[in-house]
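Visitor: Sending over a structure as structure tokens; questions will come in a sec.
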Amino acid sequence: MSQKFSWSFNGGAPSGAGVNNSGSAEIDAITSAAVTLVKAMPADRDLALQIDDVEKLAFFIMTSSLNDGSVDVKADGATRTKLTGPLILYGEAIGLFAGDLQTLSLRNSSATDAAEITILMGFKLD
């Protein structure tokens, strides 16, 4: 049974430049994952998402409690991406980030703080 997922995004600067948009998507399933990355990790922590077909994803959102670039993520052999804010991918943009999401490799290089990572994904199963 499909369900409606509503989203909104807004941001702006004191100068008046900004963006404001919202919408919704019919999705068949939502799942989430959360992991804590200890400070000063000596190696990657792999998170098995087991998603081999990113075309079935309607959206992929990853947030980190640290947004200073000390947390990075790597998917399916792609270049590492430093998280300096939420990673929000919608529709075909997901395929630009990763060809599959079987496993994400995460690392926290902060010498002082652990990082809380949250992932939210919406699927279209047809």
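Visitor: I'd like the residue in segment 26-78 that is polar (S, T, N, Q) and closer than 18 Å to GLN102 by Cβ and, out of all such residues, is nearest to the chain's Cα centre (by Cα).
Guide: The qualifying residue nearest to the chain's Cα centre (by Cα) is SER32.
Visitor: Within segment 7-126, which strands (runs of 3 or more DSSP E) (wholly inside it) include 1 or more residues that are of a type in the set (Ser, Thr, Tyr) and touching a residue at least 12 places away in the same chain (Cβ under 8 Å)?
Guide: 18-27, 29-37, 57-64, 87-90, 101-108, 115-123
Visitor: Out of segment 64-86, which residues are within 20 Å of GLY11 (Cα to Cα) and either among the hydroxyl-bearing types (Ser, Thr, Tyr) or in contact with a helix residue (DSSP H, G or I) (Cβ under 6 Å, 6 or more places away or on another chain) (or both)?
Guide: The answer is SER64, SER65, THR84.
Visitor: Residue by residue through segment 1-23, note down the ones that are aliphatic (A, V, I, L, M) and touching a Gly at 6+ places or on another chain (Cβ under 7 Å).
Guide: Of everything in segment 1-23, just one residue is aliphatic (A, V, I, L, M) and touching a Gly at 6+ places or on another chain (Cβ under 7 Å), namely VAL19.
Visitor: Further question: Taking the condition of being hydroxyl-bearing (Ser, Thr, Tyr) and either over 15 Å from ALA33 (Cα atoms) or surrounded by 18 or more Cβ atoms within 10 Å (Cβ to Cβ) (or both), how many residues in segment 51-105 meet it? Don't jump to the end; show me each part of the working.
Guide: Step one: filter segment 51-105 for residues hydroxyl-bearing (Ser, Thr, Tyr), giving 63-65, 70, 79, 81, 84, 90, 103, 105.
Filter again for either over 15 Å from ALA33 (Cα atoms) or surrounded by 18 or more Cβ atoms within 10 Å (Cβ to Cβ) (or both), leaving 64, 70, 79, 81, 84, 90.
The qualifying residues number 6.
Each reported figure results from applying straightforward, stated rules to the coordinates on display, with no laboratory input. A quick note: this is a predicted structure, and the numbers were derived from the prediction, not measured. Positions of Cβ are backbone-derived with ideal geometry, glycine not excepted, and every protein chain shown enters the neighbour counts.
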